[in-house]
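The values are calculated or read from the model by the stated rules, or taken from the named source; none is laboratory data. Everything quoted here is computed from the prediction, not taken from an experiment. Don't worry about glycine lacking a Cβ; one is built from the backbone with ideal geometry, like all the others, and counts go over all protein chains shown.
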Amino acid sequence: MRILVDIGHPAHVHLYKNFIREMKQRGHTVLVTVKNGLNSATELLRLYNIEYLPVASRADSLLRKATSQLVADYQIARIVRDNKIELGIGSTLSIAHVSSLTSMKSIVFDDDDDEVEPLFVRFGHPFCDCLLSPEVLKGKRKKRGVVYYPGLHELAYLHPNNFIPDPGVLQDAGLLPGERFYLLRFNAFKAHHDKHAKGMDTVTKRELIQLLQQTGKVLITSEREIESEFRHLKIKVPADRIHSLIYYASLFIGDSQTMTSEAAVLGTPSVRLNSFAGRIAYLEAEEHRYGLTFSFLPGRTADMIAKTAALIGNPDLKAEWQEKRALLLQEMIDVTAFMVWFAEFYPESRQEVLKDPDLVSKFR
C-alpha cells in the first residue's frame with residue numbers, strides 16, 4: 001500500500017512516528033509531508049530519522065493560514081498523484097481536502113471537541129472518508145459514521161508497549177539522582193482554535209514558582225520567549241526525550257493541553273490553567289474519571305495555587321498516580337497497534353468496527 005502522512009503540529013510527529021515505522025517494516029510505502037517553517041515538527045522528524053517532503057509555509061494570521069492551506073492542498077495533491085498514494089493519514093485539513101480532489105482515501109484522527117475547533121469541523125470533517133476519535137467524544141460529534149475507540153492520542157506513543165523512560169535525561173537536565181523537581185510548560189497559543197485563548201500571566205507564574213521552589217527544583221520548557229526573571233529556569237531538552245523528563249517529574253504544571261495529557265498517561269500529576277479548562281473531553285475524562293489531572297480557568301488562579309500546594313504536600317503522590325495510571329491503561333488500548341490494523345485493512349476495518357465496536361478491545 002502507498003500511504004501519505006501529513007504532519008500539521010509537532011504532536012503529530014509523536015502520534016504517527018510508530019505507525020510510520022511499523023507500516024514501513026510491513027513493506028508499505030509511506031511518504032510524510034510537513035509545512036515549511038514548522039521547525040519543532042521538522043526537528044522531531046529528523047531526530048526520529050523520518051524523511052519528509054516540505055510543503056507551503058507555516059503562517060500565524062488567519063488570512064495567511066487560509067492562503068497557506070490552499071497552497072499546501074495543491075502541493076500535496078500533486079504528491080499524491082505523482083506517487084499514486086492510496087491512503088492518506090493525518091489530523092490536518094489537507095488530508096481531508098486532498099482526498100476529495102484525488103482518488104486517495106483519507107483517515108483523519110481528531111481528539112478535539114467540535115466546539116473548540118469550529119474551523120476544522122466545518123472545513124475538514126465533511127471532506128474526510130473516515131474520522132476516528134477517542135471514545136470520550138462519542139455522542140458529541142456532528143459528523144455521522146465516526147469510528148470511536150477506547151484510547152487517547154498520547155497512547156500511540158506513551159503506551160508501555162511503545163515507551164520506556166530514559167533516566168539519563170535527568171543528568172542532561174542538570175538534576176542530581178533522586179532530586180525532586182517540577183516541570184512547567186508555557187504555550188504559544190498560535191493555532192487557529194487558540195484565538196482569544198489565555199494561559200498563565202506573569203504574576204501567576206511568579207507565585208507558582210515561589211511555591212514550588214520551597215520543596216524542589218523548577219524547570220521550565222516553553223514554546224515562546226519567557227519573562228527575563230524566569231529565563232534562568234528554562235531548559236533545553238531534546239524534543240525526543242521530553243517525555244522521559246515528564247515521567248520522572250514530581251508534578252507537571254502548564255497551560256498546554258497536549259503536555260498535560262502526556263503527563264496524565266505517564267502517571268505524573270498535572271495541573272493546567274487556561275481558557276480551555278472544562279471544554280476538552282479527553283482531559284475531562286483524565287480529570288474526572290481517572291483523577292490524573294486538574295484544570296482551572298484563568299480566573300481561578302487562587303484555586304490552582306491551592307491545589308498545587310496540596311499536591312506537593314502529599315508524600316505518596318507519585319505512587320498514588322501510578323495506580324491511577326494503571327486503571328487508565330487497563331481500560332484503554334495501544335493506539336498505534338489499532339492504527340496499523342485499521343489502516344492495513346481499510347475500508348473493511350471501518351465496517352467491522354462500526355458493526356462491532358467491542359472488536360477494538362483486542363488491542364488492549
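Pairs meeting the criteria (first residue in the range 54-65 and part of a helix (DSSP H, G or I), second residue at pLDDT 75 or above and polar (S, T, N, Q), beta carbons under 9 Å, at least 6 apart or on different chains) are ARG64/SER57.
Among the residues of the range 277-294, those that are surrounded by 18 or more Cβ atoms within 10 Å (Cβ to Cβ) and free of Cβ contacts under 8 Å to residues at least 24 places away in the same chain comprise ALA277, GLU287. Of all residues in the range 276-283, none satisfies being touching a Phe, Trp or Tyr at 6+ places or on another chain (Cβ under 9 Å) and over 24 Å from GLU135 (Cβ atoms).
Within the range 232-248, being out of contact with any helix residue (DSSP H, G or I) (no Cβ under 8 Å at 6 or more places or on another chain), surrounded by 15 or more Cβ atoms within 10 Å (Cβ to Cβ) and farther than 17 Å from THR260 by Cβ holds for one residue alone: ILE235. Restricting attention to the range 217-231, the residues that are more than 30 Å from ASN49 (Cα to Cα) and surrounded by 16 or more Cβ atoms within 10 Å (Cβ to Cβ) add up to 4. Of all the listed residues (SER349, SER270), the sole one being without any contact (Cβ under 8 Å) to a residue 40 or more places away in the chain, within 30 Å of ILE89 (Cβ to Cβ) and not assigned by TED's automatic domain parsing to the domain that holds SER250 is SER349. In this structure, is THR301 over 19 Å from HIS159 (Cα atoms), of a type in the set (Ser, Thr, Tyr) and within 24 Å of the chain's Cα centre (by Cα)? For THR301, the condition - over 19 Å from HIS159 (Cα atoms), of a type in the set (Ser, Thr, Tyr) and within 24 Å of the chain's Cα centre (by Cα) - is not met. Out of the residues in the range 1-27 that are in contact with a strand residue (DSSP E or B) (Cβ under 7 Å, 6 or more places away or on another chain) and free of Cβ contacts under 8 Å to residues at least 60 places away in the same chain, which is surrounded by the fewest Cβ atoms within 10 Å (Cβ to Cβ)? So the residue we want is LYS24. Is it true that GLU43 is assigned by TED's automatic domain parsing to the domain that holds VAL108, surrounded by 14 or more Cβ atoms within 10 Å (Cβ to Cβ) and out of contact with any helix residue (DSSP H, G or I) (no Cβ under 6 Å at 6 or more places or on another chain)? For GLU43, the condition - assigned by TED's automatic domain parsing to the domain that holds VAL108, surrounded by 14 or more Cβ atoms within 10 Å (Cβ to Cβ) and out of contact with any helix residue (DSSP H, G or I) (no Cβ under 6 Å at 6 or more places or on another chain) - is met.
Could you tell me whether any residue of the range 342-350 is in contact with a helix residue (DSSP H, G or I) (Cβ under 9 Å, 6 or more places away or on another chain), of a type in the set (A, V, I, L, M) and closer than 22 Å to VAL108 by Cα?
First, the residues of the range 342-350 that are in contact with a helix residue (DSSP H, G or I) (Cβ under 9 Å, 6 or more places away or on another chain): 342-345, 349-350.
Narrowing further to those that are of a type in the set (A, V, I, L, M): 343.
Add one more test, that the residue is closer than 22 Å to VAL108 by Cα, and what stays is 343.
Yes, the range 342-350 has at least one match.
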